[in-house]
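Reading through the structure tokens given below for one structure.
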Amino acid sequence: MTAASLALHSRRFTSLLATSTSVLSRIMSTHLERTNGNTREPEVENCTVSSITDISPTVKLLQLAPERPVTFKPGQWVDFFIPRTNMVGGYSLCSDPQSPNLELAVKYSTHPPAHWVHKTCKMGEKVLVRVGGDVFLEPDSRVKVVLLIAGGIGINPLLSMIRAGVDTETKYHLLYSAATVEELIFFDDLEKLTASHDNVTVEYFITKGTVKLDNLVKANRERISPEAVNKLVSDYKSRFDESDMRCFLCGPPPMIDFLSKEIKMKCEYEKWW
């Protein structure tokens with residue numbers, strides 16, 4: 001091995017080690033540790049689990065009825081306190097801020113809060129939530145275009161943004177990727193929104209399995225690429241000033257790391273899960 005190739009190999013190994021260490025650190029740290037520097041509301045709110053629904057083979061939709069109105073901005077999350085454990089979960093809200101109930105779509109894992117939702121939680125259970133987060137779309141935002149990029153369960157906060165803005169003049173364009181068709185959670189909701197609101201457009205991307213959804217909807221058999229995003233960015237920039245545009249990104253950390261560096265406009269995101 002030459003000195004040049006040895007140096008290149010060393011740089012690649014160092015980069016891989018740094019990425020692996022960062023990922024491992026995220027896995028081993030708790031939600032409260034990862035979000036220690038984020039803004040939080042001072043109050044913890046009492047809620048009752050009013051419904052639990054399977055919306056994919058791996059995701060349950062939890063509807064919570066708060067004892068008093070809970071205010072949040074589209075894109076924010078909650079600290080999720082469950083019975084009989086000190087482990088605190090963190091989940092993005094997918095509901096419309098105007099709704100009296102809160103909705104959380106929780107993907108299965110062995111992490112105690114997620115495991116509790118999938119294996120133990122029953123209707124009528126009492127839980128606590130506290131709103132937090134610094135990446136959101138202001139309710140009175142005057143932007144003309146909102147580009148949304150979602151990977152898997154990362155659809156949650158972006159759906160909240162769409163639901164909050166469908167009756168405005170803002171254009172919402174969502175690129176939504178999932179491993180399989182079955183994991184495209186909220187597909188029916190999104191199709192209803194696009195059918196009833198001209199300012200909502202959704203493109204689907206499937207990375208595994210069949211891409212057939214129905215006779216009217218097509219899905220791309222690929223990951224969301226920088227080229228696909230930048231084509232949209234270029235198109236919207238040709239019609240709107242960039243100051244009138246926002247781009248939000250939510251998905252697995254490797255997806256965020258990759259796309260945020262390649263997209264030719266500022267992307268807003270949080271990496272806390």
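Residue by residue, here is whether (1) touching a His at 6+ places or on another chain (Cβ under 8 Å); (2) among the small types (Gly, Ala, Ser); (3) open to solvent by less than 30 Å² (accessible area, probe 1.4 Å) holds:
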| site | (1), (2), (3) |
| --- | --- |
| 145 | yes, no, yes |
| 151 | no, yes, yes |
| 154 | no, yes, yes |
| 158 | no, no, yes |
| 178 | no, yes, yes |
| 181 | no, no, no |
| 186 | no, no, yes |
| 192 | no, no, no |
| 197 | no, no, no |
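Restricting attention to the stretch 50-62, which residues are open to solvent by less than 50 Å² (accessible area, probe 1.4 Å) and not β-branched (Val, Ile, Thr)?
Answer for the stretch 50-62, where residues must be open to solvent by less than 50 Å² (accessible area, probe 1.4 Å) and not β-branched (Val, Ile, Thr): 50, 51, 56, 60, 61, 62.
Matching residues to (1) loosely packed, with under 14 Cβ neighbours inside 10 Å; (2) over 15 Å from residue 152 (Cα atoms); (3) in contact with a Cys (Cβ under 7 Å, 6 or more places away or on another chain); (4) touching a residue at least 12 places away in the same chain (Cβ under 8 Å):
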{"residue": "232", "(1), (2), (3), (4)": "no, yes, no, yes"}
{"residue": "235", "(1), (2), (3), (4)": "yes, yes, no, no"}
{"residue": "238", "(1), (2), (3), (4)": "yes, yes, no, no"}
{"residue": "249", "(1), (2), (3), (4)": "no, no, yes, yes"}
{"residue": "253", "(1), (2), (3), (4)": "no, no, no, yes"}
{"residue": "256", "(1), (2), (3), (4)": "no, no, no, yes"}
{"residue": "262", "(1), (2), (3), (4)": "yes, yes, no, yes"}
{"residue": "267", "(1), (2), (3), (4)": "no, yes, yes, yes"}
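Is there a residue being assigned to a loop (DSSP other than H, G, I, E, B), without any contact (Cβ under 8 Å) to a residue 60 or more places away in the chain and among the polar types (S, T, N, Q) anywhere in the stretch 135-143?
no
Does the stretch 65-104 hold any residues that are hydrophobic (A, V, I, L, M, F, W, C), more than 19 Å from the chain's Cα centre (by Cα) and part of a strand (DSSP E or B), and which are they? Spell out the reasoning first.
Within the stretch 65-104, the subset hydrophobic (A, V, I, L, M, F, W, C) is 65, 70, 72, 77-78, 80-82, 87-88, 93-94, 102, 104.
Retained after the next criterion (residues that are more than 19 Å from the chain's Cα centre (by Cα)): 65, 70, 81-82, 87.
65, 81, listed by residue number.
Which number in (1) in contact with a helix residue (DSSP H, G or I) (Cβ under 7 Å, 6 or more places away or on another chain); (2) part of a loop (DSSP other than H, G, I, E, B); (3) not small (Gly, Ala, Ser) marks the one condition that residue 222 misses?
Failing condition for residue 222: (1).
On the given criteria, is residue 206 hydrophobic (A, V, I, L, M, F, W, C) and at pLDDT 95 or above?
Working: hydrophobic (A, V, I, L, M, F, W, C): yes; at pLDDT 95 or above: no.
Spelling it out, it is not the case that residue 206 is hydrophobic (A, V, I, L, M, F, W, C) and at pLDDT 95 or above.
Within the stretch 42-64, restricting attention to residues that are among the hydrophobic types (A, V, I, L, M, F, W, C) and assigned to a loop (DSSP other than H, G, I, E, B), which residue is farthest from residue 162 (Cα to Cα)?
Applying the first criterion (among the hydrophobic types (A, V, I, L, M, F, W, C)) to the stretch 42-64 yields 44, 47, 49, 52, 55, 59, 61-62, 64.
Imposing the further condition that a residue be assigned to a loop (DSSP other than H, G, I, E, B) reduces the set to 44, 55.
Values: 44: 26, 55: 19 Å.
For the stretch 42-64, the residue satisfying everything is 44.
The values are calculated or read from the model by the stated rules, or taken from the named source; none is laboratory data. Worth saying up front: this structure is predicted, and the values here are computed from it rather than measured. Note: ideal-geometry Cβ built from the backbone for every residue, glycine included; neighbour counts use all protein chains shown. In case anyone asks, the SASA skips ligands and DNA or RNA and just uses the protein heavy atoms, side chains included. Shrake-Rupley method; radii C 1.70, N 1.55, O 1.52, S 1.80 Å.
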